[in-house]
Amino acid sequence: METAARKIQWQVIGESCRGASHIKGNLPNQDALSFWLPESGFGPPAILAIADGHGSPQHFRSASGAKLAVQAATSLLLAFAKMHGTQSDANSLRTEVAELPQRVVENWTASVSAHLAANPFREEEFSRLQDPQDADARAEVTNNPLVAYGATLLIVLVTGYYAVFLQIGDGDILWVDDTGKTVRPVPADARLIANQTTSLCQSEAWKDFRWHVEAPLHHPPALILVSTDGYANSFRSDDDFLLIGRDFLNIARTGGLQKVSAQLPGILHDASEKGSGDDVTFGIMCRQDAIAAGAEGVAAGSEEEAMAGYVSKAEYESLRAKLDEHLRAAEHRLSLLQWLLALALILSVISLAFGIGARYYPARPAAPAIISPNTGAENPSQAGSPANTPPQRRDPPQPAQPGASPKSGPGH
Amino acid sequence: MGNPLDTGINLRRPGGVMAKRPLHFIWLLDCSGSMSLNGKIDALNTAIRELIPHMQRAAAQNSGAEVLIRAIRFSTAAQWHIAQPTLLSEFRWTDLTADPEARTNLGAALRLVAEEMKMPPLSPRSLPPALVLISDGRPTDDFEGGMQYLLSQPWGKASTRLSIGIGTDAHQKTLKRFIDNPEIHVLQADNPEALVEYMRFVSTSVLSGRKVSSVVPQPAQTAPSSVIW
C-alpha cells in the first residue's frame, strides 16, 4: 500500500563535538556519526547512525570501534532498505528487523577483526592499564580483543513506507511530531545507569538491542533526533532534555536546516561545557515539508523565542574577537587622554607658579584664589580645572567620553 | 576588566535548563561510645575540616560533575548529620560528638542511606554516588540486612563504597564487606595523621573522577604522632 509518507522528502544533518572533559584529559572524541541519503540529497531512504565509544581504559580503541559501528550499520541498513524498501506490512517487517541486530553485530565484529589484523595491538596502547588493579581489565582485552573497540550504537532508517529504530546501549532517539511533542520510540533499558551500558563488544550483544518499527508510516514525525548520552546528560532533567525537540523544530522552521547545521557545533560544544563534559554527537533527520513555509506551528509561545537569540560558536567567537578589538581601541584612547590631562595639569601648575594666570585673567574672581600659595599648595589639582581655563582658547583634556570607556566599549 | 560577554550577549540553547551531573558524596560516620576515647571523634572532626579545600580542588578537576555532600552519623541510632545535599562551596562542618554509652548500629545507617539510593530521589543521569564509611568498631545491629538492602537499590549497588577503619578494634571484615569490591582495600588509620591522609585520599580520588586505586597511600610523616589508636 502506498502511503502519503512515500511522497515526502527527508534531509539529514549531524555534528560531533569532542567533550570538555576529553579535551582536559587529552582524550580523543570517541563518538562517531554516519548518514546516508540518495545523490539528490533527499531521502527516502534516509539512514542515520551514531555510536559512542566507551571511555574506560580497556576500551582504548573505542573511537575506531565507534567509526566501524556506524559504517557497518549504514551499509547494512542501506542493503535492508533496497531489499525491503516498499514493504509496509508491519508483521513482515518486524520479522525482518528482528534479524538486524545479529547482522549488525556480525558486520561490526568482522570490521573490527579486519582492523585488528591490519593494526595489531601495540604495547603503548596498554599504558592506561599498568596499575595492579587493572590486571583484570587487561586480561579482558587479551581474552576478547573486541573489548578494546567497545561502543554503543543507535540507528534510524526511514523509507517511504516505514521507519526502523535500533539501539544498543545508552543514548537517545527522539520522535518529534509536527506540534513539537517529543517522545522516545525505542523502549528504555533500566540497566543503563551509573555510566553502565550494554555494548557491541559483549558476548551475544544482539540480545541487548532494543528496536521499534513504525509501519505503515501514515503520520511521519517532523524530526527524528539521535544523540549520544553526552547530550541528555547535559540537562538538569529528562524533561529539560526533551524540550530540544520543540526547540530544534522551531529553529528549523524559522531559519531552515542550514541554519541549524551552522549552529550545531556551538550548541553541542556549549552543552558539553556547561553540562556533562562528555563527547556530544547529534543527528537530525528532518521531514522537508514539516519545516517548509506554512508548516503548522509548534507549542504556543515558543515560536517567538526561536532564532533571534541563537548564535553559532563561529558567530560567537567572531563577535567576541570584534568586541575585544573595540575594547583594546577604547583602552588606547583612554590612555592617550590620560597623558594629555597630565600634561595639561603640569603646564597649568607651571603657569600658576609664574603668575601668568593672574596677568592674563585679572578680571576673573576665581583667579586670586588659584594663585594663592596656600590654596595652590593644598589643592594643586584645582589649578587645571576647566573653570580656570578659557574654553574657547585652551580646551583642557576632557574626561573620557562614554563611548571610550571600557564598560561601554562593546556597544560600538 | 570584566568579560564583556558576561552581560553583552544572550546565548540561548535548545532545550531546558542545563546542569552538570550530580555526584553525591555521603559520609557514614561512627559516633559510638568507643569513638569518644583517645580523641578519635575530635580527630575525625578536625580531619573533615581540613579536607574541605582538598575536596574543592579535586572537584574542580571533574568538569562534568556537581559534587553534593551529605553525612550520616550512627551510634545507637542512625540519623542525618547533613541531610540536605550541599554544594562543596557551601559546605560547613558542625562537629560530631560521641556518646560514651552509645552502640554501633551500622545496619541502621545503611538502611537510612539506602532510601536515598532509590530512583527517585536520585536521577538516572547522576554519576555513581560515593559512600565513605569510617568506623572504629564492630556493628551491634543487623549489618548484613542493611547491606543487602543497600545493594538491592539501583544506586546502592552502583555506588562507589570506600571504608576507613580507626584503630585496632575496627572490624576489617565489616569494612571489607561494605566495599564489596576485591579491587579496593580497606584503609586502616592508627593515628590522627593517617586518618587525615586516608580521608583526603578517598575523597579526592572519588571527586576528581579518577579510578580509586587499591594502592594504600603512606600517611604524611610531618611529625611523629603522640596518639596511637
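The values are calculated or read from the model by the stated rules, or taken from the named source; none is laboratory data. Quantities reported herein were computed from a predicted structural model and do not represent experimental measurements. Neighbour counts run over all protein chains shown; Cβ positions are idealised from the backbone, glycine included.
Check A:Ala32, A:Ala114, A:Ala110, A:Ala46 and return the single one that is in the same structural domain as A:Val164 (by TED's automatic domain parsing) and under 19 Å from the mean Cα position of the chain (by Cα). Walk me through how you get there before you give the answer.
Details: A:Ala114 fails: under 19 Å from the mean Cα position of the chain (by Cα); A:Ala110 fails: under 19 Å from the mean Cα position of the chain (by Cα); A:Ala46 fails: under 19 Å from the mean Cα position of the chain (by Cα).
After applying the criteria, what remains is A:Ala32.
Would a scan of segment A:202-221 turn up a residue that is modelled with pLDDT of 95 or more and within 24 Å of the chain's Cα centre (by Cα)?
Scanning segment A:202-221, I find at least one residue that is modelled with pLDDT of 95 or more and within 24 Å of the chain's Cα centre (by Cα), so the answer is yes.
For segment A:65-80, how many residues meet the condition of being out of contact with any strand residue (DSSP E or B) (no Cβ under 8 Å at 6 or more places or on another chain) and among the polar types (S, T, N, Q)?
Here the count works out to 1.
One residue is enough: does segment A:138-145 have a residue meeting the conditions buried (at least 23 other Cβ atoms within 10 Å of the Cβ), part of a loop (DSSP other than H, G, I, E, B) and assigned by TED's automatic domain parsing to the domain that holds A:Ala117?
Within segment A:138-145, none of the residues are buried (at least 23 other Cβ atoms within 10 Å of the Cβ), part of a loop (DSSP other than H, G, I, E, B) and assigned by TED's automatic domain parsing to the domain that holds A:Ala117.
Among the numbered criteria (1) in a loop (DSSP other than H, G, I, E, B); (2) more than 30 Å from A:Pro145 (Cβ to Cβ); (3) under 24 Å from the mean Cα position of the chain (by Cα), which one does A:Asn195 miss?
Condition (2) is where A:Asn195 drops out.
What do you reckon, is A:Lys7 away from chain B (no Cβ under 14 Å) and among the basic types (Lys, Arg)?
Yes: the conditions hold for A:Lys7.
I'd like the residue in segment A:34-59 that is in contact (Cβ under 8 Å) with a residue 60 or more places away in the chain, away from every other protein chain (no Cβ under 14 Å) and surrounded by fewer than 24 Cβ atoms within 10 Å (Cβ to Cβ) and, out of all such residues, is farthest from A:Thr142 (Cα to Cα).
Of everything passing the filter in segment A:34-59, A:Phe42 is farthest from A:Thr142 (Cα to Cα).
From the list B:Gly156, B:Gly146, which residue is part of a helix (DSSP H, G or I), buried (at least 16 other Cβ atoms within 10 Å of the Cβ), within 13 Å of chain A (Cβ to nearest Cβ) and not charged (D, E, K, R)?
Sole residue among the options that is part of a helix (DSSP H, G or I), buried (at least 16 other Cβ atoms within 10 Å of the Cβ), within 13 Å of chain A (Cβ to nearest Cβ) and not charged (D, E, K, R): B:Gly156.
Matching residues to (1) at pLDDT below 95; (2) under 15 Å from B:Lys40 (Cβ atoms):
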{"residue": "B:Ala158", "(1), (2)": "yes, no"}
{"residue": "B:Arg161", "(1), (2)": "no, no"}
{"residue": "B:Ile164", "(1), (2)": "no, yes"}
{"residue": "B:Phe178", "(1), (2)": "no, no"}
{"residue": "B:Ser203", "(1), (2)": "yes, no"}
{"residue": "B:Gly209", "(1), (2)": "yes, no"}
{"residue": "B:Val212", "(1), (2)": "yes, no"}
{"residue": "B:Val216", "(1), (2)": "yes, no"}
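Residues being within 13 Å of chain B (Cβ to nearest Cβ) and farther than 17 Å from A:Gln30 by Cβ: count how many of those fall in segment A:216-231.
Here the count works out to 2.
Taking the stated definitions as given, is A:Ala79 touching a helix residue (DSSP H, G or I) at 6+ places or on another chain (Cβ under 9 Å), modelled with pLDDT of 95 or more and small (Gly, Ala, Ser)?
Answer is no for this residue.
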